[in-house]
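A quick write-up on the structure given underneath.
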Amino acid sequence: MSWVLVMPIAVPFLTAVVAFLARSYPAGRWISLAGSVLTLIASAVLMAAVLDEGVIAAQMSNWDAPFGITLVADYLSAVMVVITAITGLATAIYALGEIPEETEALGFYALFQTLIAGVTGAFLTGDLFNLYVWFEVMLIASFSLLVIGGGKERLDAGIKYVALNLVSTLIFLSGIGLLYGITGTLNMADMRDAVANAENQGLVTVLAMMFMVGFGVKAAVFPLFFWLPASYHTPYFAISAVFAGLLTKVGVYALMRMFTLVFVGDVGFTHEILIWVSLLTMFTGVIGAAAQTDFRKILSFHIISQIGYMTLGLALFTPLALMGGVFYLVHHIIVKANLFFVAGLAKQYAGHTDLNRIGGLYKSAPLLAALFIIPAFSLAGFPPLSGFWAKYLIVKAALELNMWFVTFVSLLVGLLTIYSMTKIWGMAFWKPHPDGIDPTPDRAPPQVTRAMIVPIAGLALMTIIIGFYPEPFVQFAETAATQLLDPTDYVTTVLGVQP
Amino acid sequence: MEALTAIVIGGLTAASVYLMLARNFMRFLFGLVLLSNAANLTIFASGRMTKGHPALVPYGEDAPLGVVGNALPQALVLTAIVIGFGLLAFTLALAFEGYRRMKSVDTDEMRFAEPKEDTTK
């Protein structure tokens, strides 16, 4: 069984090694592409196994849990791994068009594949310290990817991103140490009982807050998000798309895992804080976006705003809300990565990302305009696109709890999201180009356009499919939420015994 | 021993927070180093400090004899030190390159990715 769980991590790592050796040759990019295809296949195999058996676990080197490192996949982990592989493949294709040769020669594809391996590892591990190690793998790759290519802007962004992320990692690390001190275990499934039986429940709550801060910085929730709008608009578009899609979601995933599996002793306190944090995240994010006029800066602030919906799903802590949260995670990764892809192609055509300096894209590139509309309106929650169902589930969960204020904020933020999306639409697509020229697709070489439009169209198609046939996805999210709220299966599968 | 370690950790953390509040990025980095050491000591201390023997199995035995120290936190700390070392090396290189390009280590002057603050008010 164990190879099913290992392959989605091992394949990108091996690809990274081979791609690094071939970095100076054109073969490097095709190796990366082939590796991403193989990763997707490995993830699909994992998904099939999880759908078949519910929860699967493997003990590394045959050290039995809770002593060894466990890899474990339940519905949530499996879907995150698959969506990571999909984003990875889309980015690998997109990078063919965008990344210049000198950046490739610096080892771009090796770093990119390492990033994917780190993200996948974080989703699959069942060991807290191992989670820290995956975070670091992911971080070091992301640091390098952010500054690769150089330039003042990127270095400035990189320094701020690195500094804040390292502080959060150290908080997380101290939290792990102290939690180990209380429970004597690092295995997350084993920790559940150990934490529940701990003598000093007050200390457990303090540690829960440490983890909330540590993961909160990664997830970019209010008031810990300042590194995100300072950095996400600077790297290559392929990179900012994969960051926007995946990195903050690792933080959200870690929050969801720890606050459903381990820290459930004082839900009234911890999850109440999460509700307020989520609402403020949603609101500040969307207001921040309204003040921006740069394509990518608007999108960056919207990441923050949307993260709030996901953590809200966790914070409300009902089956329906968590189901909405899981659905939102998946929907958001597809849509947000796609919007950054669109921004990149728009820059190729129109020459800039500042909305005041571009325009006329609707007339000259109607296909791109159509492909922008889909993720943009899905993000804003228009039916029948995927974002509508995601928001619908969260709002319904809030209504069922009679939380009128929460419902009001969720709907208001949705409305303000429409404002930002129509702003991009109006300024980049409808308004004539301020220089009086028509941004023509001819400005980009045809192979560049082809490499960039394929992933955009693919992800847009997925948005539409989820929108029109939400049934299987919603059912999947429902099972994932059930597993999160009642992790008996998870615990027994990892530990191999009845608790 | 625990009390002394706790005071050391507290001192390190306080010094690191003080350094990290500085505008100078190099001071921030030194603060980060101290904080990472404080985190490592925390892990070490939370594994319980025992006056024991090293967790080694003597020749010809199946298990270590007598009371041995907890080996797991040491392994964790070792991992954390190695990772921290690598990240710090990267960050120093990044800071140096940043200084070379931006001609400053003052975070108030590093405003190339973000809009400059309005200082006229």
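The values are calculated or read from the model by the stated rules, or taken from the named source; none is laboratory data. Just so it is clear, the structure is predicted and the values come from calculations on it, not from any experiment. Because the Cβ atoms are built from the backbone with ideal geometry, glycine has one as well, and the counts that use them run over all protein chains shown.
Taken together, A:Ile394, A:Ile334, A:Ile374, A:Ile358 contain a single residue that is surrounded by 22 or more Cβ atoms within 10 Å (Cβ to Cβ) and closer than 21 Å to A:Pro445 by Cα, which is A:Ile358. Close Cβ contacts (under 6 Å, 6 or more residues apart or on different chains) running from residues in segment A:304-322 that are over 9 Å from A:Thr281 (Cα atoms) and modelled with pLDDT of 90 or more to residues that are outside any loop (DSSP other than H, G, I, E, B) and of a type in the set (D, E, K, R) are absent. A single member of A:Thr422, A:Thr407 is within 16 Å of A:Gly308 (Cα to Cα), out of contact with any Cys (no Cβ under 9 Å at 6 or more places or on another chain) and surrounded by fewer than 19 Cβ atoms within 10 Å (Cβ to Cβ), and it is A:Thr407. Look at segment B:12-35: where a residue is in contact (Cβ under 8 Å) with a residue 12 or more places away in the chain and within 9 Å of another protein chain (Cβ to nearest Cβ) and a partner is part of a helix (DSSP H, G or I) and of a type in the set (Phe, Trp, Tyr), sitting 6+ places away or on another chain with Cβ atoms under 6 Å, you get B:Met20/B:Phe28. More than 13 Å from chain B (Cβ to nearest Cβ), modelled with pLDDT under 90 and assigned to a helix (DSSP H, G or I) - does that describe any residue in segment A:219-227? Within segment A:219-227, not a single residue is more than 13 Å from chain B (Cβ to nearest Cβ), modelled with pLDDT under 90 and assigned to a helix (DSSP H, G or I).
The rows are residues; the columns are (1) buried (at least 23 other Cβ atoms within 10 Å of the Cβ); (2) of a type in the set (Val, Ile, Thr).
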{"site": "A:Glu53", "(1), (2)": "no, no"}
{"site": "A:Ile56", "(1), (2)": "no, yes"}
{"site": "A:Gln59", "(1), (2)": "no, no"}
{"site": "A:Asp64", "(1), (2)": "no, no"}
{"site": "A:Ala85", "(1), (2)": "yes, no"}
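Considering only residues in segment A:140-150 that are more than 8 Å from every other protein chain (Cβ to nearest Cβ) and of a type in the set (Gly, Ala, Ser), the one that is surrounded by the most Cβ atoms within 10 Å (Cβ to Cβ) turns out to be A:Ser142. Summed over segment A:90-136, residues that are in contact (Cβ under 8 Å) with a residue 60 or more places away in the chain, part of a helix (DSSP H, G or I) and of a type outside the set (S, T, N, Q) total 26.
Count of segment A:183-197 residues, restricted to those that are in contact with a helix residue (DSSP H, G or I) (Cβ under 8 Å, 6 or more places away or on another chain) and away from chain B (no Cβ under 13 Å), is 8. Residues of segment A:310-319 that are touching a His at 6+ places or on another chain (Cβ under 8 Å) and either at positive phi or of a type outside the set (A, V, I, L, M) (or both): A:Phe317 alone. Quick check on A:Thr103: is it surrounded by fewer than 23 Cβ atoms within 10 Å (Cβ to Cβ) and away from chain B (no Cβ under 12 Å)? So A:Thr103 fits the description; yes. Of the residues making up segment B:63-103, those that are more than 30 Å from A:Asn130 (Cβ to Cβ) and either in a helix (DSSP H, G or I) or at the interface with chain A (Cβ under 10 Å from one of its Cβ atoms) (or both) are B:Phe96, B:Glu97, B:Gly98, B:Tyr99, B:Arg100, B:Arg101, B:Met102, B:Lys103. Scanning segment A:177-201 for residues that are aliphatic (A, V, I, L, M) and not in a loop (DSSP other than H, G, I, E, B) turns up A:Leu178, A:Leu179, A:Ile182, A:Met188, A:Ala189, A:Met191, A:Ala194, A:Val195, A:Ala196. The set of residues in segment A:375-433 that are of a type outside the set (S, T, N, Q) and not in a helix (DSSP H, G or I) comprises A:Gly381, A:Phe382, A:Pro383, A:Pro384, A:Leu385, A:Leu401, A:Met403, A:Lys431, A:Pro432, A:His433. Candidates A:Tyr180, A:Tyr161: the one that is crowded, with 24+ Cβ neighbours inside 10 Å, within 12 Å of another protein chain (Cβ to nearest Cβ) and aromatic (Phe, Trp, Tyr) is A:Tyr161. Taking the listed residues A:Gly285, A:Gly268, A:Gly251, the one that is away from chain B (no Cβ under 14 Å), part of a helix (DSSP H, G or I) and modelled with pLDDT under 90 is A:Gly268, with no other qualifying. Of everything in segment A:191-218 that is more than 23 Å from B:Met49 (Cα to Cα) and touching a Leu at 6+ places or on another chain (Cβ under 6 Å), the residue that is modelled with the lowest pLDDT is A:Arg192. Selection over segment B:82-119 of residues that are in contact with a helix residue (DSSP H, G or I) (Cβ under 8 Å, 6 or more places away or on another chain) and more than 20 Å from B:Arg27 (Cα to Cα) gives a count of 4.
Of the listed requirements (1) away from every other protein chain (no Cβ under 14 Å); (2) crowded, with 21+ Cβ neighbours inside 10 Å; (3) of a type outside the set (Val, Ile, Thr), A:His233 misses just one: (1). Taking (1) under 19 Å from A:Lys249 (Cβ atoms); (2) within 7 Å of chain B (Cβ to nearest Cβ); (3) surrounded by fewer than 23 Cβ atoms within 10 Å (Cβ to Cβ); (4) not aliphatic (A, V, I, L, M) in turn, A:Glu153 satisfies each apart from (1). In segment A:106-139, of all residues being polar (S, T, N, Q) and away from chain B (no Cβ under 12 Å), the one that is nearest to A:Gln59 (Cα to Cα) corresponds to A:Thr125. Scanning segment B:36-58 for residues that are more than 15 Å from B:Ile9 (Cβ to Cβ) and small (Gly, Ala, Ser), we see that the one that is farthest from the other protein chains (Cβ to nearest Cβ) is B:Gly52.
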